[in-house]
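Report on one structure; see the data block that follows.
A short reminder: the numbers here are calculations on the coordinates, not readings from a lab. All of these numbers come straight from a predicted model, not from anything done at the bench.
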Amino acid sequence: MGPAVVTPYALTVDAGTGDLRAADHLLYELAAELALAENTFGCTHLVRGDRPRVVVSLSLPSRPLLDSTRERLAAAGYGAVSPGLPDAVGRAVLYPGAPSLTGTMTVAELLAGSAIDRVTVLGTPELPGPRTRMVTRDHVRPQWQRDALVLAATPAMGGTLVPFEAPDPTPCCADH
């Protein structure tokens, strides 16, 4: 599919969401209800300060799509809508090819079939080989790094990799 394309047609939605799982759900809901274009990028962003929360951004492929999406969001009452991105390091939930990243595939297949530009492995300076197997766990959340969509992975059993972010993380201090 090739490298991700960074677009100036972006907006941010602040629905007062408190965690990543709820923000992911909001992005999927927006994609379905607004029938967003397949090449839309939907990201989560952590907002710190007096009122910590997670906002979502939508980067659309054209000005007309941006304008119509902004109008439809305002009419639907999803929260405060503002122009642009809140920061440059969003965690991508919606992106071209994301729905096809399921099961086990090679790094080359993951890169060719999605907007992800690069896979890195935590704890090693080398990039994984193209034939390295990736067990997606059906949960692939790359992040923007210097205008590139990068998936952080960790080594797993059998010489495979898994995305760093687990689909169902154990909350901190869950055993207390």
Exercise for review: Report, for the chain, the % of DSSP beta bridges that are antiparallel, rounded to 5.
Suggested key: 85 percent
Check your understanding: Over region 98-163, what is the percentage of antiparallel beta bridges among all DSSP beta bridges, to the nearest 5?
Key -> 65 percent
Revision key, fill the gap. Across S59, S114, S100, the residue with the highest GNM fluctuation in the chain (Cα network, 10 Å cutoff) is S100
Practice item. Would you look at the GNM of the chain, springs on alpha carbons closer than 10 Å, and say which of L151, L122, L110 moves the most? Key: L122
Review point. Hey, in the GNM for the chain with a 10 angstrom Cα cutoff, which one of A31, A76, A23 fluctuates hardest?
Key: A76
**Study point:** In sequence order, calculated HN-Hα J values of region 28-44 (Karplus, 6.51, -1.76, 1.60; Hz; x Gly/Pro)
**Key:** 5, 5, 4, 4, 6, 5, 9, 6, 5, 4, 4, 8, 7, 9, x, 10, 9
Revision key, fill the gap. For A15, other-chain or 5+-apart residues with amide H closer than 5 Å (H placed, Pro excluded) are V56
